[in-house]
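Here the structure comes first, spelled out in C-alpha cells, and everything after it is commentary.
Every read-out reported here was derived from the displayed coordinates using simple, explicitly stated rules and does not represent laboratory data. Keep in mind that what you see is a predicted model, and the values were worked out from it rather than measured. Counting neighbours? That spans all protein chains shown, and the Cβs are built from the backbone with ideal geometry, glycine included.
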Ligand code: AVJ
C-alpha cells in the first residue's frame, strides 16, 4: 500500500525570516543580549543535536528512550489515541516505540510530527510513512509556540512533547504554552511530556559542555543561521561556548561569550551590534524539574497527571497527563 503523507508548511520561507528577524532584533538590542533556542534548528543544527544525543555525557536522550521502551504499552492503552501529535519532533527517532505500541493497541490512525526545521521534518515524515503504511502521516512545519491551533484534529489525540524541550521555555512562556496547549485539547486527549530532573550540577554541566565540543558547535550554529538568513557577519569562532547551572533557578543556561570586542552587521535588519570583550549572550535555558513543581505547573494549566515514569536513577521523567 502507498504511504499517505501530507506536509503543511506554516513556516514559509517568508514567515521564517520575519520571525527570525523579529527575535534577532529584540534579542540583540536587549541588555543582556539573548536569542531564543528555536533558531538553533536549521538542518545543520538538527544534525548537531542528533550527535549530542549520542554523546556519553548527554544522558537525557538515553534515559527518555529507556523509559519509553518500558512504558509505551501502558501509555498506548491509557491514552487510546487515534492521532499522535509530536511537538518538536526532529528526527522522530524515539517515536518508533510509541507508534508501535499505539498500532498494537489498535487505535492509531495518524501521526503528526511538528517541527521548525522543514528539512529534518520531511525526512522523518517520509521514513515513518514508509515504515507505517497503515497510518496517515501529517507533517506540520510550524512553531509550536505560535501555531498550536492549527494542529490536526483526527479523533482522540495524544500530544507528545519529548526530549525535555519544555525546559527551553522560561517560566512565564512555559505557563502560557501549557495553558494554550490545554486550550486546544478536548476531553479525553492526553499529553506525554518529557522533562529533565534536578540532579548533581556537575553532571548537568557536563551534559551541556561535552568533551568533544559538539554542544559548543551546536551553540555557535545559531550565529551561522543569522549569517545565512539575515546576511549577518558573525564570526562564530570568535565566541566561546559557556554552559552554567543556576542552582537557584534550577536551570542550565547556555551562552556565547565574545572572545574580544566586536562589531557585527545585520544588513537585513539595518542593524549594527557591538559586543564588549567577554560579553555573554544567552542562547538557551534548559530548566530542570522535580515532581512536585512540574505536577503543579501541569495542574495550574488544567492537566491532571495520570502517570509519572522515571528511570531507576531518577534522572529524567516522562509524564502522562490528561485534560
Ligand atoms: C532539545 C531541548 C532536549 O535542552 O537539553 C542539548 C537541547 N541544548 N544540548 C536540551 C540541547 C544543548 C535540548 N533539547
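Our compactness index for the stretch 146-286, the C-alpha radius of gyration over the empirical 2.2 N^0.38 Å, is 1.29.
Taking Cα pairs under 8 Å and at least six residues apart, what relative contact order does the stretch 88-155 come out at, in percent? Walk me through the numbers on the way to the answer.
On the way: 77 pairs, mean separation 24.0, N = 68.
Computed over the stretch 88-155, the figure is 35 percent.
Extents of the stretch 167-212, largest first, come to 45, 22, 20 Å (Cα atoms, principal axes, whole angstrom). Relative contact order, whole percent, for the chain stands at 22, derived from Cα pairs under 8 Å and 6 or more residues apart. Put the Cα centre of the stretch 93-128 next to the Cα centre of the stretch 1-58 and the gap is 19 Å.
Sort 322, 203 so that the residue with the fewest other Cβ atoms within 10 Å of its own Cβ comes first and the one with the most comes last. Kindly include the intermediate steps, with their values, before the conclusion.
Values: 322 16, 203 12.
Listing 322, 203 from fewest to most nearby Cβ atoms yields 203, 322.
Look at where the Cα atoms of the stretch 279-315 and of the stretch 129-207 average out, and the two centres are 13 Å apart.
Rounded, prolate or oblate: which fits the stretch 26-133 when a ≥ b ≥ c are the square roots of the eigenvalues of the alpha-carbon gyration tensor, with rounded for a/c under 1.5 and prolate only if a/b beats b/c? Spell out each step's value before the answer.
Details: a/c = 2.13, a/b = 1.80, b/c = 1.18.
In terms of gyration-tensor shape, prolate.
For the chain, the longest principal axis of the alpha carbon atoms and the long axis of helix 96-105 meet at an angle near 20°.
The residues 111, 208, 15, 309, when put in order of fewest to most other Cβ atoms within 10 Å, stand as 15, 309, 208, 111. Please determine, in degrees from 0 to 90 and to the nearest 10, the orientation of helix 43-53 with respect to the longest principal axis defined by the Cα atoms of the chain, where the helix direction is its Cα long axis. Long axis of 43-53 versus the principal axis of the chain: about 70 degrees.
Dividing the alpha-carbon radius of gyration of the chain by 2.2 N^0.38 Å (N being the number of residues), what value is obtained? Write out the running numbers ahead of the final one.
Values: Rg = 19.5 Å, N = 323, 2.2 N^0.38 = 19.8 Å.
So the chain has a normalised radius of gyration of 0.99.
Return 247, 91 ranked ascending by Cβ neighbour count within 10 Å, so the fewest neighbours appear first. Provide the component values of the computation, followed by the final result.
Values: 247 10, 91 19.
In increasing order of surrounding Cβ atoms, one gets 247, 91.
Compared with the dominant Cα axis of the chain, that is its longest principal axis, helix 291-300 is turned about 80°.
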